[in-house]
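Below you'll find the structure, written out as structure tokens, and then a few comments.
The values are calculated or read from the model by the stated rules, or taken from the named source; none is laboratory data. Source: prediction; values computed, not measured. Neighbour counts are summed over all protein chains in view; Cβ atoms, including those assigned to glycine, are modelled from backbone coordinates with ideal geometry.
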Amino acid sequence: MAKILVIDDERSIRSTLREILEYEGYEMDEAPDGPTALELAATEKYDVILCDIKMPQMDGIEVLDKLLVMNDTPVVMISGHGNIETAVDALKRGAYDYISKPLDLNRLLVSIRNAVEKGSLVKETRVLKRKVSKTYDMIGESPAMEHIRDMIDKVAPTDARVLITGSNGTGKELVARWLHEFSLRAEGPFVEVNCAAIPGELIESVLFGHEKGSFTSAIKQRKGDFEQANGGTLFLDEIGDMSLAAQAKVLRALQENKIMRVGGEKEIPVDVRVIAATNKNIQEEIEKKTFREDLYHRLSVILIHVPTLNEREEDIPLLANYFINEICESQGKPPMTFTDEALETLKKIEWTGNIRELRNVVERLAILGGNPISAADVDLYAKR
């Protein structure tokens, strides 16, 4: 059921619109003036807002400007004192529609229906963009995060290979994507390979491709990820889990900038920037002879270490607020906040899963907690 906010200083207008809109199946809130409306819009989620222009305390145009800063809810302006100039000004400022009083109810209902549909499309588009792009804002003001940003600024424009280290869930992929997006290869592809998720016998085919008939299930030729990343960036995630045989071929590709498909005889030149990441201690893996030292030196021209969440606890309130806003927006929930005590409680938790775990906890609190989310909610629903 769509929810509508009606802002009008005339009680009779609000009562008439409530009767009509509720009969049409809409849920309605009302506000007699601008300040009251802005308070409601800050705490409730509306699909459409109807706003009068001539009102005491704050006129409708000022209310419109403030509403458009708060969110992208469609605003339909209504007025019995307007003229063409007023209508044009309202539409230029971002109003969805302008309807003169006395209201043509058929036109009003059509405008509301279209505005609701537009709002739904905007929300769907936002959700789809978020699903398609895994690149999120890099949240944090701690010294560790400032150091990483500084490293990205310096390293991204070069073609230097980068090895990103850090525990699971700290955001290594995010660093890799920012290195790509701020590089001269940003218009090229960003190809990600999770080395830990690919069986050892398939990793070479995935990375270098194969020719038709090179093995039983090779029913057609396939370009490998090195070729697909040509002109862009290849991100080798969890490189510490790659087999020694595959490591040897990756080393050769990095040395010669050429690859050969499985079952092929022709060398194929590739222009790829390689960024790698691992949650393992590579020096220990070298000592255990499970990782090639020469490959390590090829990959680690630049080393970037991503700290655990507990090593940057001052960023936890920023991340929690970022996630709660993102979750409420994607799920169509009214805005939610944390109490100061709740944020302090979050800072005291041992985050073994790092940022990934924090986001899961915030989503749980968004569903099960109160508004604002209290320290008691955190104690009840967050893993301690």
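Out of all the residues in the stretch 233-266, which are without any contact (Cβ under 8 Å) to a residue 40 or more places away in the chain and either outside any strand (DSSP E or B) or not assigned by TED's automatic domain parsing to the domain that holds S300 (or both)?
Once the filter is applied, which keeps residues that are without any contact (Cβ under 8 Å) to a residue 40 or more places away in the chain and either outside any strand (DSSP E or B) or not assigned by TED's automatic domain parsing to the domain that holds S300 (or both), the stretch 233-266 yields R252, E256, N257, E265, K266.
I need the full set of residues from the stretch 359-384 which are touching a helix residue (DSSP H, G or I) at 6+ places or on another chain (Cβ under 6 Å) and closer than 13 Å to I316 by Cα, in order please.
R359, V362
Which ones in the stretch 255-278 are surrounded by 18 or more Cβ atoms within 10 Å (Cβ to Cβ) and either over 12 Å from E227 (Cα atoms) or under 32 Å from the mean Cα position of the chain (by Cα) (or both)?
Once the filter is applied, which keeps residues that are surrounded by 18 or more Cβ atoms within 10 Å (Cβ to Cβ) and either over 12 Å from E227 (Cα atoms) or under 32 Å from the mean Cα position of the chain (by Cα) (or both), the stretch 255-278 yields V262, V270, V272, R273, V274, I275, A276, A277, T278.
Taking the condition of being under 14 Å from D8 (Cβ atoms) and touching a strand residue (DSSP E or B) at 6+ places or on another chain (Cβ under 7 Å), how many residues in the stretch 35-47 meet it?
Result for the stretch 35-47: 2.
Just checking, how many residues over the stretch 60-93 are in a loop (DSSP other than H, G, I, E, B) and either at pLDDT 90 or above or exposed (fewer than 13 other Cβ atoms within 10 Å of the Cβ) (or both)?
Residues flagged as in a loop (DSSP other than H, G, I, E, B) and either at pLDDT 90 or above or exposed (fewer than 13 other Cβ atoms within 10 Å of the Cβ) (or both) within the stretch 60-93 amount to 3.
I112 fails exactly one of the following numbered conditions: (1) surrounded by 13 or more Cβ atoms within 10 Å (Cβ to Cβ); (2) free of Cβ contacts under 8 Å to residues at least 60 places away in the same chain. What is the number of that condition?
Unmet condition: (2).
Anything in the stretch 1-54 that is touching a Lys or Arg at 6+ places or on another chain (Cβ under 9 Å), in a helix (DSSP H, G or I) and within 18 Å of G332 (Cβ to Cβ)? List them, or say none.
Residue satisfying the conditions is A41 alone.
Of all residues being of a type in the set (G, A, S) and either assigned to a strand (DSSP E or B) or within 18 Å of E265 (Cα to Cα) (or both) in the stretch 218-232, which is modelled with the lowest pLDDT? Just the residue, please.
My answer is A218.
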